[in-house]
Amino acid sequence: KIKKNIIKVDHRNNHPQPQIVMLIELRKLFGALTASTYSWIDPEHFLGSITDRGGEKFDRNLQHDTAEFFVLLLEKLKEAFRLTNNSRERGKHIDDYFKIKNKITLLSPKDEKSLSTQQEQELLTITIPILGYEDLMSSYKETLSHQVSYNYQSSNGSQEDTAIQKCQTIKFPRYLCFQLGRIEYDSIHKKLIKLDSRFEFDETILLRYPPQGDDLEEINLIQEKLKSLENYKDSEMSIETILKHAILLSQDSKDINAEKQIKKLLVTSTKEFSELENKIEEIKDRSSHKYSLKAVIVHEGKAEQGHYFVFIYDKIKNVWFRISDSNISQVQKNEVAETSFGGNGSTASAFVLFYENMDENENEDIRKGTSSSSSS
């Protein structure tokens, strides 16, 4: 859709601002990709039209952070849409496709009471720490709840303490861009270093919305039921603990019949508790989104120098391609994983991951009158 919007843009009667020039060059590039029979197209003119945030020509001879370049490109595209005739709405598609919205809350580490009002956060990329983690989802979940420094006012003036920052996603985009934090600053040697340790990620990941409406109401009712079982009739003991004590008393009194009946109640109660917890997970799954890996940008080399190449999934042919400058080759899925994960002494490792929302993909297939299985 973004490609179609770029091709359709009416840029007449506009001054030749750098953003418009970039948009025109991108249209030419898309046109060449569509009409040409060549296996690759040189994007030199398009890359030469990109300017940085200060308006200077983007220096292609320097190694740039790929995720930062991606964000810059999206920002420039939005600016270009705003400058063209009747294209303001088209710029919103970029946010719909790539922007993730979060709600941020600071909580006290003692009692988890809120320390501030909720704030909204909008991101085009999600930064994922590598150091101390082995895989994408364990690191991602940690970023949703972690300890931060918190400044507040007291009778003694400005104070600093620690707080728990909770992050809740309220809008997932069509495409998720994960920036893997493989570059760290070595404070001892005062230089940037690259982390090439093994870091795995799945081809398919599941992310959840916070439950809303009827789902949230149903979860609240179930949680109330669970609380009543955990604090049975305000006894400050769970029904499970009470029944276990009752079993011991029946054993002391050698009441075999009572012991059997209480054990049955314990089994029933434990089963009910487990079913209620599973029901909550089922409801949460209804608010989940399945994402599938579509592209991996890999860096080979050191922190300040090296070479980028990319693995891209072709969903029409159901194959992966490796693109390194003008060298294009089909590869097996296991090569994508083993090259991108890093480790084993290799200097090649994934820097950026792109995932596509499969629910959105299936809805689009339905609108087109095709099945998701035929277009995967």
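Specify whether the C-alpha gyration tensor of segment 173-277 places it in the rounded, prolate or oblate class, a ≥ b ≥ c being the square roots of the eigenvalues: rounded for a/c under 1.5, otherwise prolate if a/b is larger than b/c and oblate if not.
prolate
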*Ignoring ligands and nucleic acids, what accessible area does ARG322 show with a 1.4 Å probe (Å², nearest 10)?*
70
_Along the charge dipole of the chain, pointing to its positive end and built from +1/-1 on Cβ of Lys, Arg, Asp and Glu, which listed residue (SER346, SER253, LEU26) has its Cα farthest out?_
LEU26
*asked:* Ranking request for peptides 98-107, 176-185, 119-128: highest mean number of other beta-carbon atoms within 10 Å first, then the rest in descending order.
replied: 176-185, 98-107, 119-128
_Shape category assigned to segment 247-344 from the gyration tensor of Cα positions, a/c cut at 1.5_ = prolate
*Accessible-area ranking of TRP40, TRP320, largest first, probe 1.4 Å*: TRP40, TRP320
*Using a 1.4 Å probe, how large is the accessible area of LEU206, given in Å² and rounded to the nearest 10?*
90
_Förster radius 41 Å - calculated FRET efficiency between THR241 and ILE104 (Cβ-Cβ, nearest 0.05)_ = 0.65
*What list of ³J(HN,Hα) couplings, whole Hz, do you get for segment 173-186 from phi and the Karplus terms 6.51, -1.76, 1.60, once you set θ to phi - 60° and write x for glycine and proline?*
x, 5, 10, 9, 10, 9, 9, 7, x, 8, 9, 10, 9, 8
_Exposure rank, largest accessible area first [TYR313, TYR38; 1.4 Å]_ = TYR38, TYR313
*Projected onto the charge dipole of the chain (+1 at Lys/Arg Cβ, -1 at Asp/Glu Cβ, origin at the Cα centre), which of THR143, VAL267, ALA80 gives the Cα projection farthest towards the positive end?*
ALA80
*the chain: calculated mean residue ellipticity at 222 nm from DSSP helix runs of at least 4, using -39500 (n - 2.57)*: -13000 deg cm²/dmol
*Which translational diffusion coefficient, to the nearest whole µm²/s, is obtained for the chain from the Stokes-Einstein equation, given a Kirkwood hydrodynamic radius over C-alpha pairs, 10 °C and 1.306 mPa s?*
63
*the chain - charge dipole about Cα centre, Lys and Arg +1 at Cβ, Asp and Glu -1, debye rounded to 20*: 1160
*Check each of the GluC sites (Glu not before Pro) in segment 2-71 and keep only those in coil by DSSP with at most 16 other C-beta atoms within 10 angstrom; list them in order.*
GLU56
*Accessible area of the chain belonging to carbon and sulfur atoms, whole % at 1.4 Å probe*: 49
*Taking 7 Å along the Cα-to-C-beta vector as the label spot, tell me the THR143-LEU33 distance in nanometres, rounded to one decimal.*
2.5
*Most positive-pole-ward Cα, ILE126, GLN332, GLY48, against dipole of the chain from beta carbon charges*: GLY48
_Where the chain is the region considered: accessible area per residue in Å², 1.4 Å probe_ = 61
*Amide H neighbours of VAL352 under 5 Å, at least 5 residues apart or on other chains, H built in the peptide plane: list them.*
LEU180, ILE297
*Using Cα positions and a limit of under 27 Å, work out the lysines in reach of LYS225, with same-chain residues fewer than 8 apart set aside.*
LYS110, LYS113, LYS166, LYS233, LYS244, LYS260, LYS263, LYS264, LYS271, LYS279, LYS284
*How large is ³J(HN,Hα) for each residue in segment 65-71, as worked out from phi by the Karplus curve 6.51 cos²θ - 1.76 cosθ + 1.60 (θ = phi - 60°), to whole Hz, x for Gly and Pro?*
5, 5, 5, 5, 5, 4, 5
_Accessible surface ranking that places the most exposed of VAL148, VAL21 first, with a 1.4 angstrom probe_ = VAL21, VAL148
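The values are calculated or read from the model by the stated rules, or taken from the named source; none is laboratory data. What you see is a predicted model; the values in this text were computed from it and never measured. Positions of Cβ are backbone-derived with ideal geometry, glycine not excepted, and every protein chain shown enters the neighbour counts. The accessibility values were calculated without ligands, DNA or RNA, using every heavy atom of the protein model including side chains. Shrake-Rupley method; radii C 1.70, N 1.55, O 1.52, S 1.80 Å.
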